[in-house]
Structure formats: structure tokens, C-alpha cells
Amino acid sequence: MDPRRALPSVERVLAALDGLPHELLADAARDAVGAARDAIAAGEAPSEADVIANATRRVHDRRTRLLQPVVNATGVLLHTNLGRAPIGDEALAAAFAIGRGASNLEMRLETGARGSRHEHAGTLLARAVGAEAGIVVNNNAAAVLLALGALARGREVVVSRGELVEIGGGFRVPEIMAESGATLVEVGTTNRTRRSDYERAITDATALLLKVHASNYRMVGFTEAAEVGELAPLGPPVMVDAGSGLLDENTPWLPVRPAWLRDEPGVRQAIAAGAAVVTFSGDKLLGGPQAGVIVGRADLIATIACHPLARAMRADKLTLAALQQVALVYLSGDATSIPLWRMATASLDELRARAEAIAVTVPAAKIIDTEAVAGGGSLPGLTIPSIGVAVEPPDARAAMSSLRADGVIARTDSAHIVCDLRSINRTDDEIVARALSRI
Ligand SMILES: *Cc1c(COP(=O)(O)O)cnc(C)c1O
């Protein structure tokens with residue numbers, strides 16, 4: 001008999017599958033039957049059970065590719081591939097409340113007149129840093145592109161050669177500049193740029209002096225840079241891309257300023273020093289949803305908000321709702337409810353106690369000292385003392401894969417596999433314990 005006639009029909013395979021919408025199950029069934037035909041052509045004789053097993057595996061693989069929660073046990077607090085900052089319950093509740101119905105997104109409730117979506121989170125964040133006005137767009141890359149496009153298109157922007165950085169994910173200052181339609185005027189050298197370098201470059205065509213926070217790398221040794229306060233009196237507005245910077249370098253929302261935070265620049269300090277426009281990320285060191293915030297002089301923020309690109313980059317109501325909640329938390333002066341700060345400032349004793357509770361359930365697990373990092377392209381070279389649970393399986397690759405299958409993303413360190421407690425949500429400790437004991 002032709003072995004192809006023994007193959008189950010697509011409908012028959014489909015009837016054995018579940019867990020995805022019909023269309024996607026049908027893809028898996030068709031592909032499995034097709035693969036079985038190829039196998040027969042190659043001289044094999046797959047049974048009906050083989051075909052169904054193959055289809056079931058395809059369904060499983062397809063489900064694994066769906067966006068889903070995982071546990072970040074890497075020790076990298078803002079892991080770009082794992083969605084950067086976890087968002088707090090209060091901020092998520094705000095997004096839920098606004099998202100599920102109508103809101104005053106663009107209406108003033110006092111008068112019923114048309115309002116602006118920038119009046120909520122944007123205005124509050126401006127207040128939090130002492131700026132006149134603020135708006136929110138989709139991410140900081142968009143914020144920089146929009147601000148340059150609105151304020152400097154067809155004109156010149158003066159930047160230090162030491163700040164022509166690549167942030168990652170293809171964000172390169174010279175390329176963003178070209179894309180915005182502004183002309184880049186490079187001044188100084190890679191390691192030293194002075195106020196006089198900017199001064200000499202200023203012409204009638206100068207639209208902005210731009211300072212870029214080199215978030216993800218650090219220059220040491222014979223270096224010099226001109227501060228915002230030195231540049232502001234030169235005339236053209238000073239724009240600062242603070243990126244992963246802090247709202248306020250004194251972190252007044254934390255009981256104690258963490259030693260490892262060292263000299264991350266503050267948006268508040270840049271505004272106080274005379275910056276006309278500052279852009280920063282809503283998720284990096286703010287610990288909110290992905291967003292780009294632009295704060296500064298009211299006239300410049302108005303120009304930016306009117307630019308056609310602002311419409312293309314505007315943040316949606318879920319982001320604005322969550323970010324408004326985050327802004328209120330910072331204004332309250334206590335940001336310990338923000339998951340990023342809770343993780344970053346958890347004591348070693350607390351982390352060790354959690355690690356011990358995990359380790360007792362895992363054969364041969366050891367508790368070790370580790371070094372966590374901020375990640376997300378911020379605070380290069382700085383580490384946060386942390387605690388991990390380490391295991392030493394015979395096959396580290398297979399063990400990592402087993403952990404991933406249980407939704408736990410760990411770190412390998414030679415033969416060890418380490419789950420770093422600092423980046424793990426406290427409520428996920430049990431998932432980590434179970435996944436480790438299943439290796
Ligand atoms: C991270 C960063 C960006 C890009 O911000 P996203 O929010 O990731 O778009 C731009 N500039 C600087 C200095 C950064 O650190």
C-alpha cells in the first residue's frame with residue numbers, strides 16, 4: 001500500500017490539537033502532515049501518532065513564541081531583551097482604569113473645552129524637575145528626533161566629539177541628527193571639549209547646543225567636558241539628551257542615596273543650570289513605562305508639540321496613565337513603591353534570606369555573592385552588590401534551556417548557573433525554586 005494513504009488527514013490531526021486559535025492550529029496540522037509526506041518520500045514511515053506528536057510540538061513551539069511573562073534572574077535590572085523596567089501595580093492599575101473606558105485624555109473637565117494629552121504626565125514630570133512644560137512621546141529616541149526636527153531642521157546643532165555616541169539598538173547621535181534634518185557641527189576632541197570650542201562654532205545658523213549623556217560608556221583619564229551651566233550663557237538654547245539620567249541627582253525619593261549610583265546626571269540639575277530642553281527615558285532610571293519625556297522652556301515645548309512628527313510619535317493613553325502615576329509617586333517624595341527602586345535598594349540581608357528559602361528546595365544549590373548591574377545602557381562599569389543561588393549541573397546549556405522552558409532567564413558564569421535575587425520579583429521566588437529543582 002502507498003504509505004501516503006496511511007497518513008491522517010489535516011482535519012484528523014487538527015482534531016487532536018488545542019491551545020491556540022483554529023487558524024494557527026490548522027497551520028501546525030498542515031505543516032506536520034507536509035513534513036510526514038516529505039519523510040515518506042525520504043523512505044521513512046511515520047505513523048499517525050508520529051504526525052500528531054509532530055503537530056503538537058509545532059503548537060508548543062508556536063505558543064513559546066507568544067509574548068509572555070518570564071522571571072528575570074540575570075541580575076541585570078533593566079534588561080532590554082526582557083522588557084526593561086517592571087511596572088508597578090499602582091501604575092498598571094492606573095493604565096487599567098484609563099484603558100477600560102473613556103477618560104479626559106484631551107478634554108478639560110472644568111470647562112468641557114478641548115484639552116491636550118500633554119497636560120497630565122508631561123506637566124507633572126515638568127513640575128517634578130522644575131521645568132516650565134513637558135510632553136511625552138513613545139521613547140527617548142523619538143523624543144530626541146522630534147526635538148531636533150522641531151527646533152533645528154535646516155539649521156546647525158553643535159555637539160562635542162566626545163558625545164557622538166551610539167546608545168544601542170541603532171541609536172547613533174549623528175544618524176538621528178541627519179534624520180531630523182539638522183546639520184551636525186562637531187567640536188572639540190573625543191576626550192576634551194571646552195566651552196570655547198562651542199563658542200567658536202556658533203553662527204547665525206546655530207539652532208542648538210546639544211549635550212548627550214554617554215549613558216552606556218565611560219571615559220576616564222585626561223578628559224574635559226563643558227557643563228550645561230557654562231554653555232547656557234553662550235546664547236543658543238542648550239538641549240540635553242539625558243537618556244537614562246535621574247529626575248534629580250540627589251534622589252530625594254529614596255531614604256538613602258545608593259553608593260553605586262555615583263554621578264548619574266539629574267534632569268532637575270540640567271534645567272536649573274539653564275538647559276532649555278531636556279529629553280529622557282520613561283523606563284530607564286525612572287522605572288515607568290517605555291516613554292520619552294521632553295521638558296523645558298514653554299515656548300520650545302509648544303513648538304515641539306505642534307510639529308507634525310509629534311502627532312506620529314505621541315504616547316497612547318495606557319502609557320500616559322501609567323506614567324502619570326509614576327510622576328505622582330516621584331512628586332510624593334517616596335519612590336520605594338517603584339519596582340526598579342525596590343529591587344535596586346533591597347538590602348543584602350533581605351536578598352540572602354530569599355536566596356536561602358530558594359536554596360533549601362534545590363539539591364546542591366549554593367548561595368553566592370554576585371554583582372548585579374543597572375543595564376538598559378545605564379551606569380556602565382557600576383555594579384550593585386547582590387546575592388545569587390548557584391547550581392553546577394553537568395550540562396549548563398541544557399540546564400539553561402530547562403530554566404527557559406519554565407520561564408526563568410538565568411545567567412551562566414563558567415560552569416555555574418546563577419539566579420541573581422536582585423532582579424527577581426519577590427513574588428516570583430517560588431517559580432525560580434521550582435525551575436531550579438527541575439533541572
Ligand atoms: C537610552 C537612551 C536613548 C534612547 O532611549 P529609548 O527610551 O531607549 O528610546 C537616547 N539617548 C540616551 C542618552 C540614552 O541613554
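The values are calculated or read from the model by the stated rules, or taken from the named source; none is laboratory data. Since this is a predicted model, take the numbers as computed values, not measurements. Please note: Cβ atoms are built from the backbone with ideal geometry, for glycine as well, and neighbour counts cover all protein chains shown. Keep in mind that these areas ignore ligands, DNA and RNA; they rest on the heavy atoms of the full protein, side chains included. Shrake-Rupley method; radii C 1.70, N 1.55, O 1.52, S 1.80 Å.
Proximity of backbone amide H atoms, modeled 1.01 Å from N, is registered between residue 387 and 370, 421, 422 at under 5 Å, excluding neighbours fewer than 5 places apart on the same chain.
The solvent-accessible area of residue 118, taken with every protein chain present and a 1.4 Å probe, is close to 40 Å². Taking Cα centre as origin and charging only the Cβ of basic (Lys, Arg, +1) and acidic (Asp, Glu, -1) residues, the dipole magnitude of the chain rounds to 440 debye. The largest accessible area among 341, 260 belongs to the first residue in 260, 341, and the rest follow in falling order (1.4 Å probe, all chains).
Helix 396-405 and the long axis of the chain differ in direction by around 90°, with both axes built from C-alpha atoms.
Multiplying the residue separation of residue 434 and residue 62 by 0.36 nm and subtracting their alpha-carbon distance yields 131.5 nm. Working from label points 7 Å from Cα in the Cα-to-Cβ sense, the residue 49 to residue 356 distance is 5.0 nm.
Helix content alone sets the calculated 222 nm mean residue ellipticity of the chain: runs of n ≥ 4 DSSP H residues at -39500 (n - 2.57) each, divided across all residues, give -11500 deg cm²/dmol.
Among the trypsin sites (Lys or Arg not before Pro) in segment 261-294, those placed in a DSSP loop whose Cβ has at most 16 other Cβ atoms within 10 Å are 262. If both residues of a DSSP beta bridge must be in segment 89-334, then about 40% of such bridges are antiparallel.
Quarter the surface of the alpha carbon convex hull of segment 3-64 and you get the mean projected area, 3.7 square nanometres.
Between segment 105-158 and segment 383-425, what's the alpha-carbon centroid distance in Å? If we compute the Cα centre of each part, the gap is 41 Å. Counting only protein chain heavy atoms and rolling a 1.4 Å probe, the accessible areas of 9, 180 rank, largest first, as 9, 180.
Taking all protein chains together and rolling a 1.4 Å probe, residue 330 ends up with roughly 20 Å² accessible. Taking only protein heavy atoms and a 1.4 Å probe, the accessible area of segment 38-173 is 51% carbon and sulfur. Close amide H partners of residue 413, meaning residues 5 or more places away or on another chain with modelled amide H under 5 Å apart, are 418.
Ranking of 299, 197 by solvent-accessible surface, largest first: 299, 197 (1.4 Å probe, protein heavy atoms only, all chains present). Ligands, DNA and RNA are left out, and with a 1.4 angstrom probe the accessible area of the chain is 48 Å² per residue. Gain on full extension, evaluated as 0.36 nm per residue between residue 220 and residue 316 minus their Cα-Cα distance, stands at 30.5 nm. Of the trypsin sites (Lys or Arg not before Pro) found in segment 79-172, those in coil by DSSP whose Cβ has at most 10 other Cβ atoms within 10 Å are 100. Taken about its Cα centre, segment 351-439 carries a charge dipole of about 100 debye when Lys and Arg each add +1 at the Cβ and Asp and Glu each add -1 at the Cβ. For segment 167-180, 3J(HN,Hα) computed residue by residue from phi via the Karplus equation (6.51, -1.76, 1.60; θ = phi - 60°) reads 7, x, x, x, 8, 10, 3, x, 6, 4, 4, 4, 5, 6 Hz, glycine and proline entered as x.
Relative to the longest principal axis of the Cα atoms of the chain, the long axis of helix 89-99 makes an angle of roughly 90 degrees. In the chain, Cα pairs under 8 Å separated by at least six residues give a relative contact order of 20 percent. Here the chain carries DSSP beta bridges of which approximately 55% are antiparallel, counting only pairs with both residues inside.
Per-residue 3J(HN,Hα) values for segment 310-326, derived from phi via the Karplus relation 6.51 cos²θ - 1.76 cosθ + 1.60 with θ = phi - 60°, read 4, 5, 6, 10, 5, 6, 8, 5, 5, 4, 5, 5, 5, 5, 4, 4, 5 Hz in sequence order (x marks Gly and Pro).
Between residue 331 and residue 107, the contour length at 0.36 nm per residue exceeds the Cα-Cα span by 78.3 nm. Taking every protein chain into account, the 1.4 Å probe leaves residue 400 with about 40 Å² of accessible area, to the nearest ten. Need the list of aspartates and glutamates near residue 284 for cross-linking: C-alpha distance under 16 angstrom, and skip anything on the same chain fewer than eight residues off. Straight-distance partners of residue 284: 241, 248, 249, 263, 264. Which angle from 0 to 90°, rounded to the nearest 10, does the C-alpha axis of helix 140-152 make with the longest principal axis of the chain? Rounded to the nearest ten degrees, it is 30. Using a simple spin-label model with pseudo-atoms 7 Å out from Cα toward Cβ, residue 40 and residue 368 lie 5.3 nm apart.
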